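Taking it in order: structure first as structure tokens, then the write-up.
Each reported figure results from applying straightforward, stated rules to the coordinates on display, with no laboratory input. For clarity, every value in this text was computed on a predicted model and none was experimentally measured. Ideal geometry is used to build each Cβ from the backbone, glycine not excepted, and the neighbour counts take in all protein chains shown.
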2 protein chains.
Amino acid sequence: MSSTITLYGYWRSSASWRVRIGLEYKKLPYEYVPVHLNRGGGEQRQAAHRLRNPMQQVPVLELVEKDRTVRLIQSMAILEYLEERWPAPPLLPVDSAARAASRALAELVNSGIQPLQNLTVLEQLKRAGADEKDWARHFIGRGLEALEMLAAQTAGRFLVGDEVSIADVCLVPQLYNARRFDVDLDAYSTLRRVEENCSKLDAFARAHANRQPDAQHGS
Amino acid sequence: MSSTITLYGYWRSSASWRVRIGLEYKKLPYEYVPVHLNRGGGEQRQAAHRLRNPMQQVPVLELVEKDRTVRLIQSMAILEYLEERWPAPPLLPVDSAARAASRALAELVNSGIQPLQNLTVLEQLKRAGADEKDWARHFIGRGLEALEMLAAQTAGRFLVGDEVSIADVCLVPQLYNARRFDVDLDAYSTLRRVEENCSKLDAFARAHANRQPDAQHGS
């Protein structure tokens, strides 16, 4: 069944970036519609986007098909959907324990790091009088330290073995964010090696934040 | 293949609670080993548990089998593993869009609410001089409001249609947490109705925080 795919995203939203990698990796053509997270108080808070996602977040993926339109939110749910509908090339290993490891490393980033350093949370911290950069550095560092220890047990060329998986899809945008917050990545040699291997792949290159039409270089 | 299953958890850790529901729903016998998150500076930070999970969190699920031992972390990855290995009774719908909806609602809780109100984050907020109860109420309220809007579109007897799914598994412990932080749940009639339907099922009753051997009533 053919689908017309639209991705509502933001260039350096790491959750949007994950979905871009997934779409590119599976060679699924899509239209990219930027939702600017800072402009005009945040376009994600405006009525048009709230209808797409009441959580007022990106990404949102819309698939228009002959018999129905499917609207998807939450990057991990979107990646699982892509994997089930377009299984090749895969973003999960075959072996059940390796699949669980891949999902666990992805979730360590998705639920263990990213939510603690996203825009809304940092804005709220500022209002509460806390130092939001210290906060982000603390939680990114804590998460990456654990990720490095786990990856040292599971990684080959990529985070779990020698094939790309959803764990790598989550890693790459998170390391970009870590650098934005001046987190020292020296100790994370496995993560940096895997990132380097990912960066050589076309799908990761095309999905990169800086390559998107809404990228604001130097911001 | 038969497995000896051990769950390292904590009675009111909502991520541990989710895994208990999953195990009970699929009628998988398991040994429950409490990891006390407050005692002695937090047992999750001690060496024995750091070896199980360098992220220093619960749950950890260990499956000992004839030919190998599998150790799993991250509640969503664990639930997906259980679903793939023991598909009946299912915790995901059959239809691809409904599966994505179920995972999205689960992730809204798992990455959109729970990480912002867990113990480590509230401790860090206190250190940063912010009011951690206000913070928790803000983010729980914001998440539940979005969840209610989405659930109003997808719910039948449960959050997605008329069968239990991982979305319900995540909802129930989150509502318990919401009450701990005095979040007003009056506006969330769909969520409360689904919670009531879940509470009538044996699996949810047996997995409840207050029924666990490490529960501290009145704390």
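Quick look at the numbers
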| item | result |
| --- | --- |
| For A:150-160, mean number of other protein chain Cβ atoms within 10 Å | 1 |
| DSSP bridge orientation in the range B:1-63 - percent antiparallel, rounded to nearest 5 | 50 |
| DSSP beta bridge pairing in the protein assembly as shown, given as percent antiparallel to the nearest 5 | 65 |
| Cleavage-rule hits (trypsin sites (Lys or Arg not before Pro)) in the range A:27-78: DSSP loop, at most 10 neighbouring Cβ within 10 angstrom | A:Lys66, A:Arg68 |
| Residue exposure sequence - A:Thr190, B:Thr69 - by fewest surrounding Cβ within 10 Å | B:Thr69, A:Thr190 |
| Cα-based radius of gyration of the range A:135-219 once divided by 2.2 N^0.38 Å, which approximates compact folds | 1.10 |
| Cα-based shape type of chain B, given that a ≥ b ≥ c are square roots of the gyration tensor eigenvalues and the cut on a/c is 1.5 | oblate |
| Peptide-level mean, for A:51-58, of C-beta atoms on other protein chains within 10 Å | 4 |
| Shielding score for B:121-131, defined as the mean number of other chain Cβ atoms within 10 Å | 4 |
| Rounded if a/c under 1.5, otherwise prolate or oblate - the protein assembly as shown, Cα gyration tensor axes | rounded |
| Assigned charges on the beta-carbon of Lys, Arg, Asp, Glu; the range B:23-112 dipole about Cα centre (debye) | 260 |
| Two-site label geometry, B:Gln46 and A:Glu65: point separation in nm, points 7 Å out along Cα→Cβ | 5.2 |
| Charge tally in the Cβ shell below 12 Å around B:Arg85, where Lys, Arg are +1 and Asp, Glu are -1, B:Arg85 excluded | -3 |
| Relative contact order [Cα under 8 Å, 6+ residues apart], the range A:96-203, whole percent | 32 |
| Hits among lysines - C-alpha to C-alpha of A:Lys126 under 19 Å, sequence gap 8 or more where chains match | B:Lys126, B:Lys133 |
| Spacing of the two label points (7 Å from each Cα toward its C-beta) at B:Glu196 and B:Glu123, in nm | 3.9 |
| Charge-dipole axis of the protein assembly as shown as Lys and Arg at +1 and Asp and Glu at -1 on Cβ define it, positive-most pick from A:Ala136, A:Ala15, A:Ser3 | A:Ala136 |
| Whole-angstrom gap from the range A:11-28 to the range B:76-106, using each part's C-alpha centre | 22 |
| The range B:4-89, relative contact order [Cα under 8 Å, separation at least 6], % | 34 |
| Distances in nm from B:Glu31 to the matching label points in the other copies, shortest first (labels 7 Å along Cα to Cβ) | 5.8 |
| Ranked list, fewest to most other Cβ atoms within 10 Å of each Cβ, for A:Arg12, A:Arg206 | A:Arg206, A:Arg12 |
| Distances in nm from B:Arg206 to the matching label points in the other copies, shortest first (labels 7 Å along Cα to Cβ) | 4.9 |
| Chain A - share of DSSP beta bridges that are antiparallel (%, nearest 5) | 65 |
| Computed [θ] at 222 nm, helices only, for the protein assembly as shown once each DSSP H run of length n ≥ 4 contributes -39500 (n - 2.57) | -15500 deg cm²/dmol |
| Residues B:His49, A:His36 arranged by fewest to most Cβ contacts within 10 Å | A:His36, B:His49 |
| Label distances, nm, B:Glu123 versus same residue in remaining copies, Cβ-directed 7 Å point | 3.0 |
